[in-house]
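Engineer: Below is a structure I'd like to ask you about.
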Amino acid sequence: MPTFFKSEAGRAAVLSLYDQKLKELDIDCEVQKVRTQFGETNVLITGPAEGRPLVILHGSNGCAPIALETYPNLSKKFRIYAVDVLAQPNKSEGERLSMSDLSYGQWMNEILIQLGLESVTLAGFSFGGLIILKTMAFDESRIKAAYLAAPAYIVNGNPLKLLWKMFIPMKRYMRTGNQKFMRRFLKEIFTDADPFAFKFLSKVFLHFEMDFTPVPVIGKKEARGIHTPITLFAAGGDLVFPGHKMIRRAKEIFPSLRKTVLLEDSRHVQGRAHNDQIESEILNNSLS
């Protein structure tokens, strides 16, 4: 299987932080390797064995422990399956799938089948939201409800703003290693300062081959073919996937849109208060 780490030393540095975060969570956690045609997927499983299944998907350049930390209370009610997305800086090993077809949806459905999961709730942030939408477009028969937080694949932000405020600081950090550029980048996308994200992304940007493919947006026909109830959380201060624009388009194209919530003061990466709000929505309103 291909590796997207630039060196073994870089891989070790990133995965050391992965292990550190998982240890900090201090949770009972089972690790399961799921074989798919696209590669071996690492899944972290926690929560009561009798709990209803909930699959969590992290954003780009992320990993499963970060997703578990984002919504720590969901494991009180659900059996949580936190998936390491393929070709991201984590412990899954496999192909980098195309965002222009339904490969991600096929991959996720293979995982659900291998794990024997039915009537699944899906929750995902950013790129994880794209994967959820692809999953439902490919085959939503195993999906009960979907919760999307600042998801990719519905709208995109202004490319010039993204270039100046995010892409250029990122590239300057990658070229120089000067942490002032990393701080400038993170300030634009994080609502709250996150010391672990600073450490993790500082390693990822230097040691991992990131995907800079433009993110597509879902077509109306595909969106109208989704029947699973969707709850959408959009971020008002999101440069990447602007919240007001996202809600307007989502209401136009998704017939199964159950609820929209605008997190007015949130940047792309939600803060703790926003994540608590999302978590409460899932816990209190997940369909029975």
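Each value in this text was obtained by applying a stated rule to the coordinates, not by laboratory testing. These figures come from a predicted structure and were not determined experimentally. Cβ sites come from the backbone with ideal geometry, for glycine too, and all protein chains shown count toward neighbours.
Engineer: Taking a quarter of the surface of the Cα convex hull of segment 162-288, what do you get in nm²?
Structural biologist: 9.1 nm²
Engineer: When you take every Cα atom in segment 52-192, what is the radius of gyration, and what is Dmax, the widest Cα pair distance, in Å?
Structural biologist: Rg, Dmax (Cα atoms, Å): 16.4, 48.
Engineer: If you don't mind, another one. If I model a spin label as a point 7 Å beyond the Cα along the Cα-Cβ vector, how far apart are those points for LYS180 and SER7 in nm?
Structural biologist: The answer from the label model is 2.6 nm.
Engineer: How large is ³J(HN,Hα) for each residue in segment 30-43, as worked out from phi by the Karplus curve 6.51 cos²θ - 1.76 cosθ + 1.60 (θ = phi - 60°), to whole Hz, x for Gly and Pro?
Structural biologist: Result, rounded to whole Hz: 9, 10, 10, 9, 10, 7, 10, 5, 9, x, 8, 9, 8, 10.
Engineer: Let me ask another. First check a/c for segment 31-74, with a ≥ b ≥ c the square roots of the eigenvalues of its C-alpha gyration tensor; if it is under 1.5, answer rounded, and if not, answer prolate when a/b is larger than b/c or oblate otherwise.
Structural biologist: Judged from the Cα gyration tensor, segment 31-74 comes out oblate (a/c at least 1.5, b/c at or above a/b).
Engineer: How much FRET efficiency would the formula 1/(1 + (r/R0)^6) give for LYS245 and ASP28, where r is the Cβ-Cβ distance and R0 is 30 Å, rounded to 0.05?
Structural biologist: 0.15
Engineer: Give the shape of segment 203-249 as rounded, prolate or oblate, defined through the alpha-carbon gyration tensor: a ≥ b ≥ c are the square roots of its eigenvalues, a/c under 1.5 means rounded, and otherwise the shape is prolate if a/b is larger than b/c and oblate if not.
Structural biologist: Prolate shape, in that a/c is at least 1.5 and a/b is the bigger ratio.
Engineer: So for segment 217-283, Kirkwood radius off the Cα pairs, Stokes-Einstein at 10 °C and 1.306 mPa s: how many µm² s⁻¹?
Structural biologist: Stokes-Einstein gives a translational diffusion coefficient of 127 µm²/s.
Engineer: Next question, about the same structure. Where does the chain land at 222 nm, in deg cm²/dmol rounded to the nearest 500, when only DSSP H runs of n ≥ 4 count, each adding -39500 (n - 2.57), divided by all residues?
Structural biologist: Helices in the chain give a 222 nm mean residue ellipticity of -12000 deg cm²/dmol.
Engineer: Any idea what log10 I(q)/I(0) is at q = 0.27 Å⁻¹ for segment 98-144, Debye with uniform C-alpha scatterers and no solvent?
Structural biologist: -1.01
Engineer: Same structure, new question: Using a Gaussian network model of the chain with C-alpha springs under 10 Å, which one of SER92, SER266, SER16 is most mobile by mean-square fluctuation?
Structural biologist: The residue that fluctuates most here is SER16.
Engineer: Give LYS134/LYS187; LYS21/LYS77; LYS91/LYS245; LYS33/LYS76; LYS203/LYS259 a once-over and call out the pairs whose C-alpha atoms are over 26 Å from each other.
Structural biologist: Beyond 26 Å: LYS134/LYS187; LYS91/LYS245; LYS203/LYS259.
Engineer: Based on DSSP, what percent of beta bridges with both residues in the chain are antiparallel, to the nearest 5?
Structural biologist: Of the beta bridges lying entirely in the chain, close to 35 percent run antiparallel.
Engineer: What is the extension gain from ASN285 to GLN37, computed as 0.36 nm multiplied by their sequence separation minus the C-alpha to C-alpha distance, in nm to one decimal?
Structural biologist: Taking 0.36 nm per residue and subtracting the Cα distance, the gain is 85.8 nm.
Engineer: List the pair-distance distribution P(r) of segment 1-72, using every Cα-Cα distance, as the percent of pairs falling in each 10 Å bin from 0 up to the bin containing the longest distance, rounded to whole percents.
Structural biologist: 16, 48, 31, 5, 0
Engineer: Let me ask you something else. Can you pull the three principal axis extents for the Cα set of the chain, in Å, largest first?
Structural biologist: Result for the chain: principal-axis Cα extents of 51, 39, 34 Å.
Engineer: Distance from the Cα centre of segment 153-225 to that of segment 91-117, in angstrom?
Structural biologist: Cα centres, segment 153-225 to segment 91-117: 23 Å.
Engineer: Please report the net charge: other residues with Cβ closer than 12 Å to the Cβ of THR228, K and R +1, D and E -1.
Structural biologist: +1
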